[in-house]
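A short worksheet on the structure shown next.
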Amino acid sequence: MMSVPQHKLENKQAHSKRRGIFNKFLDWIERYGNKLPDVLTLFVIFTGIILFASYVASKLNWSAVNPATNETVNAVNLIDGKGIVKILTEMVNNFMAFPPLGLVLVVMLGVGLAESTGLVSAFMRKVVLASPKTLILPIIVVIGIFGNAAADAALIVLPPIAAFVFMTMGRHPIAGLALGYASVAGGFSANLILSMLDVLLAGFTESSAHIVDKSYKANPAMNYYFLIASTFVLVPVAVFVCSKIVEPRLGTYTLNAQVDTETKLKKSERRGLTWAGIGVFAYIALLCVLTIPEGGLFRNAETGSLIEDSPFMNGIVPIMLFFFFIPALLYGIGAKVIKSDKDVAEHLTKAMSGMGYYIVLAFIAAQMITYFNWSNLGTIIAIKGADFLKESGMTGLPLLLAFILFCALINLLIASSSAKWALLGPVFVPMFMFMDYSPAFTQMAYRIGDSITNAVTPMLAYFAILLTFAKKYDPKMGVGTLISVLLPYSIGFAIFWMLLFAVWYWLGLPLGPGEYIHLDQ
């Protein structure tokens, strides 16, 4: 996505100054992770393992009872006659229905044009030159956390832009890439605003609570106070991890002299930025007209909601496309980079030319994830794991922290937040209600566990495109190196998020408007 100039990488692993058990652990992750095959081959191997496991589990009659429906979930053999026919006839549909595929390619049209015309470069140089360098990292983290409200689009847009910002500052672009991705994926349950996820989870929580209390009503803002506090906790944690752990591991990234001399904006670039700024403000003004009024076109026609089943949220991907495409086009015209429609076509072609690897990867990942869902293995593992935790005999805070870690582990297998909660909610919400813990508190514990391993799970489809972005800066980038720069974020978020959770528990603070830890509060 971002054009990459000539550079020199100096891997810190070669330096003798690296010390400490934690860095040795990350060295081990990086070393053995990089010995794994190419991610394309790795996904093919995982697909084969899933198919074989479906056969074994089916022959062993492996099953579990879904607590939400009381229906028995059986392992499905995918390599019998019926399974093979399904695999062949649904292969194209699996690829076409793979959610990130269209989303990534559509958003890339706008972001890619912004990069190809030079808008991203000019804007980032202007921001970096005008902003105190000490604020760049926290700004990226805050944008990433806020980006959760835009759902998956932020996972595509922010990481490559953060990488470009770091490169402009003379810092390692992979560190910026990891910071942007971890801020969005790892901080998925921290924000200052509510999103569609709050609405979705509240629905599952309410239905789960009805097993015990039919009158319970779930409020989408039930975790809002904790989400706000989490934002202020995660920002400094992410900044610390980036500057003190990740960047020292990656080493230096030295640009050539030619690029170093191009930090000042030319007159044509300043004119282009002015035109682009006018376009952005006009576009935002139009969005305000369509969203702010009670009867706005982009609101839900029946409820008036801007979040729940609204054209605004349902159309967030094309909205993001035009947010980048319009200013990029105006910048190109203002900077005289675009002089005709042919220039636009050339820039769009250039922007999309680097997406071939991702498209191949998306095809394989779509099959792997679909087969895992068809086999019911993820569902059975989640239900049996929940039963084990329920029967462990633990109580109080240790049980709640174990629940968080359990959710984090399950997240490595089932990336969808709503899908996991649909399975786990009917088990743990009633269970904790009988222990006098409110559904809001159980949901918050789940959301922490659901977030902390988001950055490192390959089952999150955007991990694949992150690797694609990383290879633009380091063609030899392996899965091991990528995980080794993301894992510190997961560990840091886990430690401080669970500490915040424990403090909230001990102080008995409200989780949201009218929502407390205990049912009798």
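Data overview
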read-out: Qualifying residue in region 344-358 (condition: farther than 19 Å from LEU113 by Cβ, open to solvent by 60 Å² or more (accessible area, probe 1.4 Å), in contact (Cβ under 8 Å) with a residue 24 or more places away in the chain and not in a helix (DSSP H, G or I)); value: no
read-out: Residue list for region 494-518, filter: touching a strand residue (DSSP E or B) at 6+ places or on another chain (Cβ under 8 Å) and surrounded by 18 or more Cβ atoms within 10 Å (Cβ to Cβ); value: ILE517
read-out: Failed criterion for PHE372 (all others in (1) over 16 Å from PHE52 (Cβ atoms); (2) of a type in the set (A, V, I, L, M, F, W, C); (3) crowded, with 22+ Cβ neighbours inside 10 Å hold); value: (1)
read-out: Filter result for the condition that a residue is under 29 Å from the mean Cα position of the chain (by Cα) and more than 17 Å from PHE123 (Cα to Cα), over ALA351, ALA328; value: ALA351
read-out: Which listed residue is outside any helix (DSSP H, G or I) and either at pLDDT 85 or above or not polar (S, T, N, Q) (or both), from VAL233, VAL212; value: VAL212
read-out: Where ALA455 falls short, out of the listed (1) over 30 Å from ASP27 (Cβ atoms); (2) of a type outside the set (S, T, N, Q); (3) part of a loop (DSSP other than H, G, I, E, B); (4) open to solvent by less than 10 Å² (accessible area, probe 1.4 Å); value: (1)
read-out: Options ALA178, ALA190, ALA163, ALA182: the member that is outside any helix (DSSP H, G or I), crowded, with 24+ Cβ neighbours inside 10 Å and modelled with pLDDT of 85 or more; value: ALA190
read-out: Residues (under 21 Å from MET167 (Cβ atoms), open to solvent by 10 Å² or more (accessible area, probe 1.4 Å) and assigned to a helix (DSSP H, G or I)) located in region 469-493; value: LYS471, LYS472, THR481
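Residues checked against (1) at pLDDT 85 or above; (2) surrounded by 20 or more Cβ atoms within 10 Å (Cβ to Cβ); (3) among the polar types (S, T, N, Q):
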position: LYS264; (1), (2), (3): no, no, no
position: GLU269; (1), (2), (3): yes, yes, no
position: TRP275; (1), (2), (3): yes, no, no
position: ALA282; (1), (2), (3): yes, no, no
position: VAL289; (1), (2), (3): yes, no, no
position: PRO311; (1), (2), (3): yes, no, no
position: PRO318; (1), (2), (3): yes, no, no
position: PHE323; (1), (2), (3): yes, yes, no
position: GLY332; (1), (2), (3): yes, yes, no
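The values are calculated or read from the model by the stated rules, or taken from the named source; none is laboratory data. Just so we're clear, the structure is a prediction, and the values are computed from it rather than from any experiment. Ideal geometry is used to build each Cβ from the backbone, glycine not excepted, and the neighbour counts take in all protein chains shown. SASA here: full protein model, heavy atoms, side chains in, ligands and nucleic acids out. Shrake-Rupley method; radii C 1.70, N 1.55, O 1.52, S 1.80 Å.
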